[in-house]
Number of protein chains: 2
Amino acid sequence: MLAKSTQYAIRALVFIQLRNWEKQRPGVEEIAREIEAPVAYSAKILQTLTRHRLLGSVKGRGGGFAFEEMQSELSIYGVIHVMEGDSCFHNCGFGLKSCNSANPCPLHEEYGVMRDGFFDIVKSETIHSLSKKIQDGNAVLNRFG
Amino acid sequence: MLAKSTQYAIRALVFIQLRNWEKQRPGVEEIAREIEAPVAYSAKILQTLTRHRLLGSVKGRGGGFAFEEMQSELSIYGVIHVMEGDSCFHNCGFGLKSCNSANPCPLHEEYGVMRDGFFDIVKSETIHSLSKKIQDGNAVLNRFG
DNA sequence: TGATAAAAGGACCCGTAAGTCCTTATATAA
DNA sequence: TTATATAAGGACTTACGGGTCCTTTTATCA
């Protein structure tokens, strides 16, 4: 499963995208409220995202977070990558250091298929595509819809 | 990904199965060495497994661990269940408390497919089936084969 | 230019998984 | 029956992800 901080990050980015489409630039408090995460922790996560240039931020009065050009086609994989690394896409499901097709663990094939499937999903889905589903009413971001 | 303790548990059980087929009953030290895990920690894990009756143990001289009748058809799911619970088969990949087909998160469909696929694997594969792959030379348990 | 509203950043705390150590219980063999 | 080899168990430590708090920086507005 994805780390909690990664989940917060994805939810936050989707929310920011939705607000950006409304020409708004949400701040930490609004974002934290919407994604149901602690304010201070959300701030840390947003800081990480901006530091890695996945997101833009504006300080001072009227400031907040917004995507800059090219940033919103960010894939979910990109978010996972900066939040928790991508070892979950490489590591053996059995925990073996040296597991490969020449020297497979007993779960190598099946696990590999599943893992690659997940990789395809997170590579093809983007903050943009997820946000669109919500805007079109085909998905929700929290319990309030 | 599976917890480290779950991975150790599965590897340990497979090794025990292989040794049992050779009419042997390995002890903690031998098991730990083979699965490349700390001895004391392996002991803890084996204790958990026997306490939950997934495995038999014999104390004292010449003692060790062995499957009793019916125990070796144990599914991988069964091991996961006692080692770390099964929340990973239920929780939303997006981290939403209330995500379901009526109120789906933007990843609900795709994530569900993957998660169910993983569930099918761990439900159908057993300690016995994994051990057999190794015995048949179609898989390895550690870097030495 | 000063007050204020925001993000950035550093230092710290907390809970849990991972891991260690020492003692106790129990079986076997001499 | 005693010494010994083993698993069981409890108490502890360590590492790390998750989370808080306080200060600093930077922008805007009056």
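Computed from the coordinates by the stated procedures, all read-outs in this text should not be read as laboratory data. This structure is a prediction, so every number in the text was calculated from the model and none was measured. Don't worry about glycine lacking a Cβ; one is built from the backbone with ideal geometry, like all the others, and counts go over all protein chains shown.
Structure summary
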item: Which of B:Pro106, B:Val58, B:Cys92, positive extreme of dipole for region B:1-112 (C-beta unit charges); result: B:Val58
item: Rotational relation B to A, axis-closest Cβ in chain B, residue and distance rounded to whole Å; result: B:Met114, 3
item: Mean projected area (nm²) of the alpha-carbon convex hull when chain A is viewed from all directions; result: 10.0 nm²
item: Spin-label pair B:Thr50/A:Phe89, simplified geometry with 7 Å Cα→Cβ offset, distance in nm; result: 4.3 nm
item: Copy-to-copy label separations for A:Met70, where each label sits 7 Å from Cα toward Cβ, in nm and ascending; result: 6.4
item: Across the identical copies, how the A:Gly117 labels are spaced - nm, sorted shortest first, 7 Å along Cα→Cβ; result: 0.4
item: Structure-based [θ]222 nm, chain B - -39500 (n - 2.57) summed over DSSP H runs of at least 4, per residue, nearest 500; result: -16000 deg cm²/dmol
item: Max mean-square fluctuation residue, GNM over chain A, Cα-Cα springs under 10 Å, options A:Ala37, A:Ala12, A:Ala102; result: A:Ala102
item: Vicinal HN-Hα couplings computed from phi for region A:128-136 (Karplus, 6.51 cos²θ - 1.76 cosθ + 1.60; Hz; Gly/Pro x); result: 4, 5, 5, 4, 4, 4, 5, 4, 7
item: Long-range HN-HN contacts of A:Gly56 with modeled amide H, under 5 Å; result: A:Ala66, A:Phe67, A:Glu68
item: Longest segment of chain A lacking trypsin sites (Lys or Arg not before Pro) that sit in a DSSP loop with at most 12 other Cβ atoms within 10 Å; result: A:98-142
item: Across the identical copies, how the B:Glu84 labels are spaced - nm, sorted shortest first, 7 Å along Cα→Cβ; result: 1.0
item: GluC sites (Glu not before Pro) within region B:26-103: DSSP coil, no more than 13 neighbouring Cβ in 10 Å; result: B:Glu68, B:Glu69
item: Among A:Leu46, A:Leu96, A:Leu54: highest mean-square fluctuation, GNM of chain A, C-alpha pairs under 10 Å; result: A:Leu96
item: Gain upon complete extension [B:Ser129, B:Met70; 0.36 nm per residue less C-alpha separation]; result: 19.9 nm
item: Cα-centred dipole magnitude for chain A, charges only on beta-carbon of K, R (+1) and D, E (-1), debye, nearest 20; result: 580 debye
item: As computed over the protein assembly as shown, the Cα convex hull volume per residue (Å³); result: 144 Å³
